[in-house]
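The values are calculated or read from the model by the stated rules, or taken from the named source; none is laboratory data. Because the structure is a prediction, the values reported are computed rather than measured. Using ideal geometry, Cβ is built from the backbone for each residue, glycine included, and neighbour counts are taken over all protein chains shown. Quick note on the areas: whole protein, heavy atoms, side chains included, nothing else; ligands and nucleic acids left out. Shrake-Rupley method; radii C 1.70, N 1.55, O 1.52, S 1.80 Å.
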Amino acid sequence: MAEYSDEFDRLRKNRVAVSYHKYGPARKNFGEGRVDALATAQLCLDAFRRDHNTEHLVAAANYLMFRYMFPMPGEYFKITDDLNFKSTFAVDASNRKRNYYSGKDLIQFSKTAGGIATIETLKEMYWQNENYFNYNKEFNKNNRMNVMLGASWQQRVAESVEATSQNFSDDFYQWHNLGAGTVTIPSKSEDYGWSINSYFARINYTLKDRYLFTATGRYDGSSKFGKNNKYAFFPSFAFAWRASEESFLKSVHWLNNLKVRTSIGETGNQEIGNYAFFQNLGSENAIFGDNYYTALYRSTFGNPDLKWEKTLQWDAGVDVSVLNQRIDLSLDYYYKKTSDLLLEAPIPGTSGLNTIMRNIGSVQNQGFELTLNTHNIQTDNFNWMSTVLFNVNRNKILNLGENDEDIYPKPRHAQGDMLILRVGEPVGSLWGLRRLGTWGEDEAAEAAKYNRLPGDVKYEDLNGDGKINSEDNTIIGCTSPDWTMTISNTFLYKNFDFSFDLRFVFGNDVVNCATHNAEDRSGVANGFKSNLNAWTPQNQHTMVAQRRPMKSYYDSYPDSHWMQNGSFVRGQNFVLGYTFSKSLLQKIKLQDLRIYASAQNLFCITKYKGYDPEVTTYEDAAFGQGIDDFSEPKARTFTFGLNVKF
């Protein structure tokens, strides 16, 4: 081993020069040992190929182990001229703590409890390791191939603790002394974790620079499924034909590129609870006599047969570039069928629970996507480029298990279900009553049949049974848009640059759950200005019920009045910049200097009455898109920056 250890000594003595040359002065200290390890490992492998001494191979592995404990992004380790290797490792750790106190005099919050103090902590750790072997081989000018093999691991673990105390003699301590409260609420704690392991391969083969073939395969495993179904295989295949490279199109000078492509493949989804395949126990506390007890109950049935949700997608598209690439157009049509949906399937309540997690049903999505890039104006001092992205998607539920029973997924409101999954209808269908307005004084007799008075909310009795209840619910809208579009423009004038993005979403509905508290019930919280249009004997044609004392009855259920038009146009991103001239940069010894100002979410044009129509309050709910339950508005951000390159 003397031949490469001597070389290693030489590298070690000159490591500053080696690292400086490769990474620059900013990495001189941190990078030097890692550069040595990489270079020495290469020497070890060269020695192994020369004399087949396994000691050389072991030494190379040792140096690589050190080197890839701290990998540099984008670097590959060269094994042969055609084969290289890359490994990355990333960690994301967080520790959060929340201190909360609600005072003794806050009505409807903590006055009855005599003040509430809570301390919460959350620790999370996520790590990911990815490893790639990449093989490139050009057999001749007409044939070349790329092969990639890889494996990855990722894991997340978390732990949380919550302690609460009530009934304080004074607001002095707040959360700083939970023991000062005379009523102690049982502590809460939780820990969970999940992990994914994947093996993957991809083969790209190019024939005559005109015919491109791709085959991929993934073998993914998730801790969220039982031992019999943890892993699943997901293949895909693609073909593209560069028609513009054919001899019969070479003479078409205005055509720069014409590519026709198609693909088919399968992907998987494992986004469910961490232990859904287990039979889980929940706990509740109760007082019998003077004693405090904790009771256990079965919270889920579990399902050891849970497996990956799979989506099979077929895609066909064309790419066209003309007029010296002044116009680029891509058009795609796709069809996707998702089967073995991971859903909370309804079961008879006599079982003790209402749902069980199962693989049931299928959904189809189909639509087309258009991308258009144009260079509208091109002169020495002025350039204008545009990009248009347009998408149309239609989805439909094909089946929901053996009996195709309706499913009412989360999120749910305290006043009733808001969503429904029904065969033949799109995902995101909104469920509720149909509000017709309010009962007028001339309808007093009719209102009395429903035990209501003039001024009460008037709902449509769909089944005509003389009652208003869940049997009168119907589909009242859909959270999925009819189409979306983004238009981007970039302007360059001498050293100035200006760009902006406009986002269009049309045809979607949003449920504004705040209507329940801010309009249907008075005196509970701050109200909408629409309360000024509440029913009165002089204003009987309105959707807002008569204002009554807070503790009197009221009607408030998910209905068509909660549902609002969610279409919008958003000024998404605006950037103005100036790049200083090369002559000035040479004087101040800089390679590049640019100043800029940007604004995100500059404006939003919409008829929606909430803060923002692009909302998802319940991010942990798979069908929570378009449900606004007092969501915070998106921030409007202004940034001023300086880019300097030395």
Computed FRET efficiency, Cβ-Cβ of His375 and Tyr199, R0 45 Å: what is it to the nearest 0.05? 0.55
Fraction of alpha-carbon pairs over 17 Å apart in the range 284-330 - percent: 72
With axes computed from alpha carbons, what is the tilt in degrees of helix 2-13 against the longest principal axis of the chain, rounded to the nearest 10 within 0 to 90? 70
Per residue Cα convex hull volume in Å³ - calculated over the range 390-463: 165
Cα atoms only, the chain: Rg and Dmax in Å? 32.1, 105
So what is the calculated 222 nm ellipticity per residue for the chain, using -39500 (n - 2.57) for each DSSP H run with n of 4 or more, over all residues, to the nearest 500 deg cm²/dmol? -3500 deg cm²/dmol
Over the range 212-252 - Rg/Rh using Cα atoms and the Kirkwood inverse-distance radius: 1.45
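What full-extension length gain, to one decimal in nm, is calculated for His541 and Met125 as 0.36 nm per residue of separation minus the Cα-Cα distance?
144.1 nm
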Within the range 289-375, report the trypsin sites (Lys or Arg not before Pro) that DSSP leaves as loop and that have at most 16 other Cβ atoms within 10 Å. Arg326
Please compute the Kirkwood hydrodynamic radius over the range 280-365, one decimal place, Å, based on all pairs of different Cα atoms. 18.0
Can you compute the FRET efficiency between Arg636 and Arg96 using 1/(1 + (r/R0)^6), with r the Cβ-Cβ distance and R0 = 41 Å? Round to the nearest 0.05. 0.95
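First compute the accessible area of the chain with a 1.4 Å probe, then give the percent of it belonging to carbon and sulfur atoms.
Summing carbon and sulfur atoms, their accessible area is 55 percent of the total for the chain.
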Hey, can you find the accessible area per residue of the chain for me, probe 1.4 Å, expressed in square angstrom? 58
Could you tell me how many degrees, from 0 to 90 and to the nearest 10, lie between the Cα long axis of helix 54-67 and the main elongation axis, the longest principal axis, of the Cα atoms of the chain? 50
Quick shape check on the range 328-467: root eigenvalues a ≥ b ≥ c of the Cα gyration tensor, a/c under 1.5 is rounded, otherwise prolate if a/b tops b/c, else oblate, and it reads oblate
For the chain, what does the relative contact order come out to in percent, with C-alpha contacts under 8 Å and a separation of six or more? 6
Considering the Cα trace of the range 167-222, what is its radius of gyration and what is Dmax, both in angstroms? 29.7, 84
Please give the charge dipole size of the chain, origin at the Cα centre, charges +1 on K and R Cβ atoms and -1 on D and E Cβ atoms. Round to the nearest 20 debye. 2480
Can you divide the C-alpha Rg of the range 500-646 by 2.2 N^0.38 Å and report the result to two decimal places? 1.61
List every residue whose amide H lies under 5 Å from the amide H of His561, counting only residues 5 or more places away in sequence or on a different chain, with H placed 1.01 Å from N in the peptide plane. Arg435
Obtain the nm distance between the two label points defined at Ile347 and Asn324 by a simple spin-label model: each point lies 7 Å from its Cα along the Cα-to-C-beta direction. 7.0
Per residue, what volume in Å³ does the convex hull of the Cα atoms of the range 464-561 enclose? 184
At q = 0.13, 0.18 Å⁻¹, what is the log10 ratio I(q)/I(0) for the range 133-235, with the Debye formula run over Cα points and no solvent? -0.71, -0.92
Write down the radius of gyration of the range 121-164 and its Dmax, each obtained from C-alpha positions, in Å. 21.5, 72
Stick to the Cα atoms of the range 244-321, pair each with every other, and give me the Kirkwood hydrodynamic radius in Å at one decimal. 18.8
Dipole-positive endmost among Phe603, Ser583, Phe528 within the range 515-630 (Cβ charges, Cα centre): Ser583
For the range 212-274, what is the charge dipole size about the Cα centre, in debye to the nearest 20, if Lys and Arg each add +1 at the Cβ and Asp and Glu each add -1 at the Cβ? 120
The orientation-averaged projected area of the Cα convex hull of the range 178-272, in nm², is 13.0
Using a Förster distance of 60 Å, how high is the FRET efficiency between Lys141 and Leu281, based on the Cβ-Cβ distance and rounded to 0.05? 0.35
Distance check, please: which entries in Lys259/Lys607; Lys97/Lys410; Lys307/Lys336; Lys208/Lys494; Lys410/Lys634; Lys111/Lys458 exceed 30 angstrom between their Cα atoms? Lys259/Lys607; Lys208/Lys494; Lys111/Lys458
At Gln366 and Leu584, where each label point lies 7 Å from the Cα along Cα→Cβ, what is the point-to-point distance in nanometres? 5.7
Based on the Cα gyration tensor of the range 558-628, what are the three equivalent ellipsoid semi-axes, each the root of five times an eigenvalue, rounded to whole Å and given largest first? 46, 14, 6
Quarter of Cα convex hull surface for the range 391-539, i.e. mean projection, nm²: 15.1
